[in-house]
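See below for the structure under consideration.
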Amino acid sequence: MKTIFYQTMSPAKGHTTFGGRIYASDFDRKTTLSEATAKIIADSKFDQQCKRNSIFRKETGGGPIAQ
């Protein structure tokens, strides 16, 4: 008997950013807007640092990830 596999389309946007950590306190409705904003900014800075590290590794030829 043949097995039929269905191929699904992947989203156009790649999931190459961190996205952040999820904490129980994120859902307690006591988190202020400034706290939420600070978390978003921290996650964005982490993504930017990872991108800089990746570029540096590619330019210097360091590490197996760059190859």
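Rule-based calculations on the coordinates, nothing more; no lab input. All figures in this text were calculated on a predicted structure; none of them were measured in a lab. Cβ sites come from the backbone with ideal geometry, for glycine too, and all protein chains shown count toward neighbours.
What ranking do 39-51, 22-34 get when scored by the average of other Cβ atoms within 10 Å per residue, highest first? Don't skip to the answer; put the middle values down first.
Details: 39-51: 12.7, 22-34: 8.9.
Averaged packing, sorted descending, gives the order 39-51, 22-34.
Cross-link candidates for LYS51: which aspartates and glutamates have Cα within less than 20 Å, leaving aside residues fewer than 8 places away along the same chain?
ASP43, GLU59
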